[in-house]
Amino acid sequence: MSASIEITNVTKRYGALTVLSDISLAISAGEFIVFLGPSGCGKSTLLRMIAGLEDVTEGTISVDGVRVDTLPPGKRGVAMVFQSYALYPHMTVAQNMSFGLENIGVAKAEIEKRVRFAADTLEIAHLLDRKPQKLSGGQRQRVAIGRAIVKEPKAFLFDEPLSNLDAALRGRTRLELAQLHGRLGSTMVFVTHDQVEAMTLADRIVIMQDRRIEQIGTPMEVYRRPATRFVAAFVGSPAMNFIPIRDAVMNGDRLSIDTAGLGTVSVPLHLPPGFSPEGAELGIRAEDVSVAAAGAPGIALTAEVIERLGDRTLIYGHLEDGTKMTVEADGRNATRPGDRLTIVLDTSALHLFDKTGAAHHPEGD
Amino acid sequence: MSTENTTYRPESLTANRPLLWIAAFLSILMMAPVAWIVGLSIKSNQDLMLGTETVFQLPYTIANYINILHSSQAFGWFFNSLVVACGQTLGVLVLSSLAGYAFARLEFPWRRTLFVIVLFGLAVPEQAVIIARHQMFNWFGLHNSYIGLILPNLSSAFGVFLMTQFFRAIPKEIDEAALLDNASQFRIFWKIMLPLTLPAQATLGIFTFLYAWNDYWWPLISATRKEMFTLTIGIASSQTNFAQSEGLGFLSAQAVFASLPVLIVYLIFQRHIVTAVSGGAVK
Amino acid sequence: MAESYRRSHWKNGLFVLPYLSVFVVLLVFPLAWGVWLSLHKVDLFGPGRFVGLNNYVRVLADPVFLQALRNSVVFVAFSVPTLVVLGLFLALALNRTTRATSFFRGLFFSSSVLSVTIVTLIWRFVFIPGDGLMAVLFEQVGLPPIGFLSTSGWSLFSVGVATVWWCLGLPMMLFLAALQQIPSDLYEAAALDNASPLRVLTRITLPSIARTIMLVAIIQIVMQFQLFGQAQLMTNGGPNGTSRPLVMYIYEVGFVRWDVGKAAAASEILFLIILCAAMAQYVIATRKPEASE
């Protein structure tokens, strides 16, 4: 069972403080949606508003075409997995999973069948008679998911469910969640501040910041064509390089951009209408900057800090005018701090951000 | 402080040896009156008539305790105390748990204001309301009844305050999960929150029981008929004809007998009582 | 358009309704009724007559009341510092978890669970002339006997001794709870700074629990102003009212002489005194702990 979710013009205020302002979002049935953003951006609040744990100040929320923001949490047909798992400490695993079904009067045999199915799916059948404090973190996490599965909800809501697991377990659980989504085909809404989780799990990512949605898109769209400077800076590691520009003029069908750090760069981009170079920046990811052979034409960079990651090497340095720049080189690169390098940019991967933060990308990609 | 090669301890002035010895000495002073009364209780009244210094000599007897068994009155008072203390404990637990849960977890109009007003109730001493209460209970003929003895302390705000603190300590996600599991507010309270606060219920329950058992002021005014006395009042009443009819040994035995229930409760539930007194006042 | 679901609902208030009704009927109403009574001339028969502040004037002009007020103030002035100092000392001495300290803690607190009747019974057997423990001891040492319960001055002192014995456990426990909240890295930092034990006590331990010391003092002021049972049972206020506290005055006026209006007025005065202390307690309890963490 899966359902679409429509969030229409939703605003959340605590007294005079606005936490979310005029949010609209349509989630298709069966979609895996991730809310991504820094802490305090309102992503958890939005999820909790779908669940009914926070009041909706203005606007409406519908599940499967039926308005639910008028209903109490239990009647909305959604299930939630909490960051702390929130298992009932005094109940066994089986009781934890059946509590919600008992509340709506599901027949005993049916409850048993669903608990059995969920336990088998999650490989926790041998834990059914244990109490939560006898379980490991990973096992608790599975029980929390199992408690959601048995309800056969219209949508699953996950509030940072992986953040209490250690790194290895987090990676494995991530994969299993993806598999679970494939198997159940349910609508899932997942909140995280971890971009790796967002990139690997999501059909579409909703990037939020400062009460608003910055961009909605597939992981590759968000990465390759960030809608705003914030998205460009937030997604991707290491963070995108930003170079202030002095002037930009059309030169044939390419845009000729003058910068202090890089000199003049020619980009396959049309000058956006009403564009002003004041406060605008060029952006380029470290992976789109490469180290050229010594003596080749290019831009000079002085290396400051070298991070060797094994498969690749990150070189943090500065340009002639002092602009900071990160370059990705291959794992065998032997640069040392203080070395002067020549770098080359992939101009088709340059992004232009105007003063408001709005992005302009080269065609294609 | 010492020159020996001992492992370093950070809190070197607290809990060090000399202080501990002084505390031990104070504890002897503390116990002396108790030892004295226990000593008196196991001497026959005839021996004590010759002078109480005979306490330090044989023979000893348990005759005074056997006499208590024959005095039906003490047992009646004991039973009254039991009914009143249990009734009050049950009432306080029910009222405080319901109210504490709502104040800690639910939202309703005027919640904050009501909570502040209830907290204000903590500052009202019994003496400020005693005259009016006595009149009210007179109107309804509640004096010299169990209900009359149980009711007044149910209004104490202490339990509500304590339970609110305990409910607040439970992670909020647990009741949110139950809310999403389509449980009604009362079902969440009954099936989830109440079981999770059992240790807190024990703490408040034992505290209330002891308080009710020891209460002196209200039963003194309300229970004027001898057969409705609580043990506390009963013992006080037999003190007034002090050392005349019953004798020192018998009165001592009565005191020891009356303090046994609370001391046993205290020994078993010491931890809960300490939690209640320190949790209620600090923080 | 339909209203969105709100978590706040008047039905949730039903959970507080049972307590609130008891609270209003047995506390709020009597409180107001007590004020009404204090402004009326009431006796056991017939309705009261409004007399304004006359009852208060009668109380304040009553030498017995003034004597009781003085007794209460003197009692508080001596018993509260004793309780605070002794309680603090015991807490410092027992602030470590060993078998011995937990035994002593349990012992010092055990007297607090006894009822006032037992406590006074125990202490009367200590103080009574001739047969009491003190009398026996004095005789052994060869000192002249003292009428602890029947001499003015000594009687209030004896009540105080019994009270300190009875109430010592609570301050000790509160101080222990406060001491245990001092972060141990403070002591470790002090040790690295070469602080002497005395300096650790005066510069770290005591400042860290300064708020608790104030709180305990005020709690004890409130409690000791309500002194009643010990005095009534041990000395019955005697001799000549020199050990009669305020609450006993209220009891005698209200329930022995049945002068209800006057007793109500006296109890309102006591309420005012205690309310001031309680307000101080509230202010201190809600004030942000300064410096310490």
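The values are calculated or read from the model by the stated rules, or taken from the named source; none is laboratory data. Keep in mind it's a predicted model, so treat the numbers as computed, not measured. Cβ coordinates were reconstructed from backbone atoms using ideal geometry, including for glycine residues, and neighbour counts include every protein chain displayed. With ligands, DNA and RNA removed, areas are computed over all heavy atoms of the protein, side chains included. Shrake-Rupley method; radii C 1.70, N 1.55, O 1.52, S 1.80 Å.
So that you can scan it fast, the table gives a plain yes or no per residue for (1) under 18 Å from B:L180 (Cβ atoms); (2) open to solvent by 10 Å² or more (accessible area, probe 1.4 Å); (3) outside the structural domain of A:A51 (by TED's automatic domain parsing):
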{"site": "A:V78", "(1), (2), (3)": "yes, no, no"}
{"site": "A:P89", "(1), (2), (3)": "yes, yes, no"}
{"site": "A:A118", "(1), (2), (3)": "yes, no, no"}
{"site": "A:G137", "(1), (2), (3)": "no, yes, no"}
{"site": "A:V143", "(1), (2), (3)": "yes, no, no"}
{"site": "A:E152", "(1), (2), (3)": "yes, yes, no"}
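Residues in the range B:160-170 that are out of contact with any Ser or Thr (no Cβ under 6 Å at 6 or more places or on another chain) and either more than 14 Å from chain A (Cβ to nearest Cβ) or open to solvent by 30 Å² or more (accessible area, probe 1.4 Å) (or both): 7 in all. The lone criterion from (1) in a helix (DSSP H, G or I); (2) away from chain B (no Cβ under 14 Å); (3) of a type in the set (K, R) left unmet by A:R130 is number (1). The single condition among (1) assigned to a loop (DSSP other than H, G, I, E, B); (2) of a type in the set (A, V, I, L, M, F, W, C); (3) over 23 Å from B:R187 (Cβ atoms) that A:V106 does not meet is (3). Quick check on B:E173: is it assigned to a helix (DSSP H, G or I) and within 14 Å of chain A (Cβ to nearest Cβ)? Criteria met by B:E173. Under the condition of being under 13 Å from C:V28 (Cα atoms), polar (S, T, N, Q) and open to solvent by 40 Å² or more (accessible area, probe 1.4 Å), the residues counted in the range B:113-159 number 1. Looking only at residues in the range B:207-235 that are open to solvent by 30 Å² or more (accessible area, probe 1.4 Å) and assigned to a helix (DSSP H, G or I), which one is modelled with the lowest pLDDT? By that ranking, first place goes to B:F207. Looking at C:G241, C:G261, just one residue is within 24 Å of B:E126 (Cα to Cα) and not in a helix (DSSP H, G or I), and that residue is C:G241. Please go through the range C:183-218 and pick out each residue that is crowded, with 18+ Cβ neighbours inside 10 Å, facing another protein chain (nearest Cβ under 9 Å) and of a type in the set (A, V, I, L, M). Once the filter is applied, which keeps residues that are crowded, with 18+ Cβ neighbours inside 10 Å, facing another protein chain (nearest Cβ under 9 Å) and of a type in the set (A, V, I, L, M), the range C:183-218 yields C:A190, C:V200, C:L215, C:V216.
Reported count of residues in the range A:58-71, each being open to solvent by 50 Å² or more (accessible area, probe 1.4 Å) and either not in a strand (DSSP E or B) or not basic (K, R) (or both), is 5.
Taking the range C:111-137 as the range and being crowded, with 21+ Cβ neighbours inside 10 Å and β-branched (V, I, T) as the test, the residues that pass are C:V113, C:V116, C:T117, C:I118, C:V119, C:T120, C:I122, C:V126, C:I128. Note on the range C:1-26: among residues that are more than 7 Å from chain B (Cβ to nearest Cβ) and polar (S, T, N, Q), the one that is nearest to B:L151 (Cα to Cα) is C:S21. Here B:L106 clears all of (1) away from chain C (no Cβ under 11 Å); (2) more than 30 Å from the chain's Cα centre (by Cα); (3) not β-branched (V, I, T) except the condition numbered (1). Checked against (1) farther than 30 Å from A:D203 by Cβ; (2) open to solvent by 30 Å² or more (accessible area, probe 1.4 Å); (3) at pLDDT below 90; (4) under 30 Å from the mean Cα position of the chain (by Cα), A:A260 meets all criteria but (4). Those helices (runs of 4 or more DSSP H) of the range C:42-110 in which at least 1 residues are free of Cβ contacts under 8 Å to residues at least 12 places away in the same chain, open to solvent by less than 30 Å² (accessible area, probe 1.4 Å) and among the hydrophobic types (A, V, I, L, M, F, W, C), considering only elements entirely within it, cover C:63-93, C:99-110. Within the range B:179-201, does at least one residue satisfy the condition of being under 14 Å from the mean Cα position of the chain (by Cα), at pLDDT below 90 and part of a helix (DSSP H, G or I)? No, the range B:179-201 contains no residue that is under 14 Å from the mean Cα position of the chain (by Cα), at pLDDT below 90 and part of a helix (DSSP H, G or I). It is to be established whether one or more residues within the range C:138-152 are buried (at least 21 other Cβ atoms within 10 Å of the Cβ) and assigned to a helix (DSSP H, G or I). Within the range C:138-152 (the criterion being buried (at least 21 other Cβ atoms within 10 Å of the Cβ) and assigned to a helix (DSSP H, G or I)), the answer is no, since none of the residues qualifies. The requirement of being outside any helix (DSSP H, G or I), surrounded by fewer than 22 Cβ atoms within 10 Å (Cβ to Cβ) and of a type in the set (D, E) is fulfilled somewhere in the range B:96-112, by at least one residue.
Taking the numbered list (1) touching a residue at least 40 places away in the same chain (Cβ under 8 Å); (2) out of contact with any helix residue (DSSP H, G or I) (no Cβ under 6 Å at 6 or more places or on another chain) in turn, A:A349 passes all entries but (2).
Residue count for the range C:4-41, restricted to those that are part of a helix (DSSP H, G or I), open to solvent by less than 80 Å² (accessible area, probe 1.4 Å) and either closer than 30 Å to A:G59 by Cβ or among the polar types (S, T, N, Q) (or both): 4.
Within the range A:55-79, the set of residues being at the interface with chain B (Cβ under 10 Å from one of its Cβ atoms) and within 21 Å of A:I213 (Cβ to Cβ) comprises A:D55, A:V78. The residue list C:V136, C:V116, C:V74, C:V64 contains one member that is within 11 Å of chain B (Cβ to nearest Cβ) and closer than 20 Å to C:Y251 by Cβ, which is C:V116. Here C:D131 clears all of (1) at the interface with chain B (Cβ under 7 Å from one of its Cβ atoms); (2) assigned to a helix (DSSP H, G or I); (3) over 24 Å from the mean Cα position of the chain (by Cα) except the condition numbered (2).
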